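Here's the structure, in structure tokens; my notes come after.
The values are calculated or read from the model by the stated rules, or taken from the named source; none is laboratory data. Here the structure is a predicted model, which means the values were calculated and not measured. Backbone-built Cβ (ideal geometry, glycine too); neighbour counts: all protein chains shown.
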Amino acid sequence: MMNPMNVPISRTPAWQTLTDLAKRPLDIRTLIEETGRVEQLTLGTSLISADLSKQRLDTRVLDALLDLAQEADVSGRALKMAEGTAINETEHRAVLHTALRQPSDRLPAGLRDHLTSERNAMLRIATAIRDGSWQGSTGRAITDVVNIGIGGSDLGPKMACAALREFCDGPRCHFISNVDGAEINTLLTGLDAATTVMIISSKTFTTVETLTNARTMLDWFEQNLVIAKPQGSPHCIGVTNDVEKAKAFGIPESQLLTFIDAIGGRYSVWSSIGLPVAIATGAGGFEAMLAGGAEMDAHFQTAEPAANLPLLMGLIGVWYNNFLGMRSHAVIPYCQRLSLFVDHLQQLDMESNGKSATLSGDFVEWDTGPVVWGQTGTNGQHAFFQLLHQGTQVVPVDFIGLASDPLSSPRHHRILMANMIAQSEALMLGRSSEDPHRHYPGNRPSTTILLDALTPASLGQLLALYEHKVFVQGCVWQVNSFDQWGVELGKQLATSLLEDGQAGHDPSTTALMKKTGLHG
Ligand code: F6P
């Protein structure tokens, strides 16, 4: 059944079966009444349980999807990832974020030791900042940390610090990503330079937004502390894969943390890029997050296909995307502390699978990554849920809730959970009316993911769950989920707009340049 010849996925028998199965009407309202369905389709790990029973699929679809996973060689590629094979083929790199959580025995011992030493170096600095032994240039302990980075060098740690607020007992962590100067200027007016550390987080150490914000912050240190070259002072830490560039920027090696190039930006929160998480929650918090991720890895690697949560979530997404014409996917956490989870997921999912080229270098003949979007409930209910319930396009939803929340109160938590559960029920059941304005079609699918509570370990499991879901889909769509060539053209054109003058640009671009004062 496996697809060793890399036959286009759309020409496999499983794809054909699914195409045929999609022609039948399927109604979740009927399916949900089947004996044992909820038990069979509620899957999970120690801290997460996901109810997939409100999905528009029956046993035949499920079986065909599992066949498709075999055709796509999902388990073979997962093994290659764990073994350190260069599955990021266009960049000739291995993909080792799972090794940051729990290095596989299949990796060379030297590499495992290297990963451990990078992690320990990061935890040592985090601990020194927390216990006051890492001091500013005037000998005062650090109260505030500003992480300057963008994309994967910002979203993961920022999301984790917000999600783990209950466990943050270290210095305050702030995040600056946008090159919009209003953000950094406003933040700096409220900080004391003597007790502030800046982390310059950049895998490549070339990202314009990050280097611009870093230079602004260096000017601020210089003016406020009256020191020359603050990048050489304890007020600056660099986290990068390109040590030479960071040293050329003036950061001494003792203030540099590294991570290997096999860690993609959007998968890097588990690496030294997670420094703010370790500063905020402590080494124990960070390690618990890694352990949570590792438990999800073990589940993905060992659970039976029909009980494998990331596998099924990925395949169900393929079912909707490629066979039922549902081209976007909403993620709605019913926990305000998870509001940035959607932002993180957008990069994780869309930068990984928003591709049009196959691994063998052809254009795909099928749809790849959907638009992923969302925001927290209940806020979203009062904004875009109208479309989810009555719009002309069906959007599958992931609801994410907490079984218990010590930061909330029973009264609030009950109302929050009642809303979440009611939305999934309403989407599925709908309500008929002869008045089209009051008619809810129903049969709209959702998954409900419940975390026991929001802890470093459960967050680690949740993050790894979605990473593997994205991996599964990338395997089926036969794309490289670990490169991101699509972001390059815009970066190059921005540089050319700044440097080359007006010549050679189209009339609209030239007019906009004039109006914004770029040129002319
Ligand atoms: O623009 C895309 C991207 O390359 C992301 O993949 C990455 O997370 C982000 O930019 C930041 O890159 P860096 O960490 O090299 O500054």
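Points worth noting:
- Every residue from region 97-110 that is surrounded by 15 or more Cβ atoms within 10 Å (Cβ to Cβ) and more than 15 Å from Q301 (Cα to Cα): L100, L107
- Residue within region 305-319 that is within 16 Å of the ligand (Cβ to nearest atom), β-branched (V, I, T) and assigned to a helix (DSSP H, G or I) present: no
- Qualifying residue in region 455-463 (condition: in contact with a Cys (Cβ under 8 Å, 6 or more places away or on another chain) and either in the same structural domain as K54 (by TED's automatic domain parsing) or closer than 30 Å to V74 by Cβ (or both)): no
- Residues of region 109-123 include at least one that is within 16 Å of the ligand (Cβ to nearest atom) and either touching a residue at least 12 places away in the same chain (Cβ under 8 Å) or part of a helix (DSSP H, G or I) (or both).
- Helices (runs of 4 or more DSSP H) (entirely within region 21-91) containing at least 2 residues that are surrounded by 17 or more Cβ atoms within 10 Å (Cβ to Cβ): 28-31, 59-71, 74-83
- Among the residues making up region 467-501, those that are more than 16 Å from the ligand (Cβ to nearest atom) and part of a helix (DSSP H, G or I) are H468, K469, F471, V472, Q473, C475, V476, W477, S496, L497, L498, E499.
- D58 vs. criteria under 27 Å from the mean Cα position of the chain (by Cα) and of a type in the set (D, E, K, R): no
- Contacts under 7 angstrom Cβ, first residue in region 198-215 being within 14 Å of H174 (Cβ to Cβ), partner near the ligand (Cβ under 7 Å from one of its atoms) and at pLDDT 95 or above, 6 or more apart: I200/T210; S201/G149; S201/S153
- Every residue from region 236-269 that is crowded, with 17+ Cβ neighbours inside 10 Å, within 15 Å of the ligand (Cβ to nearest atom), in contact (Cβ under 8 Å) with a residue 24 or more places away in the chain and outside any loop (DSSP other than H, G, I, E, B): I237, G238, V239, T240, A246, L257, T258, G265, R266, Y267, S268, V269
- Meets criteria (at pLDDT 95 or above, assigned by TED's automatic domain parsing to the domain that holds E244, within 26 Å of the chain's Cα centre (by Cα) and farther than 21 Å from Q231 by Cα) for R112: yes
- Within region 347-358, being surrounded by fewer than 22 Cβ atoms within 10 Å (Cβ to Cβ) and either in contact with a Phe, Trp or Tyr (Cβ under 7 Å, 6 or more places away or on another chain) or of a type in the set (D, E, K, R) (or both) holds for S356, A357.
- Among the conditions (1) surrounded by 16 or more Cβ atoms within 10 Å (Cβ to Cβ); (2) within 25 Å of C161 (Cα to Cα); (3) of a type in the set (S, T, N, Q), the only one that S233 does not satisfy is (2).
- Within region 365-386, the residues that satisfy the criterion of being of a type in the set (A, V, I, L, M, F, W, C) and touching a strand residue (DSSP E or B) at 6+ places or on another chain (Cβ under 7 Å) are V371, V372, W373.
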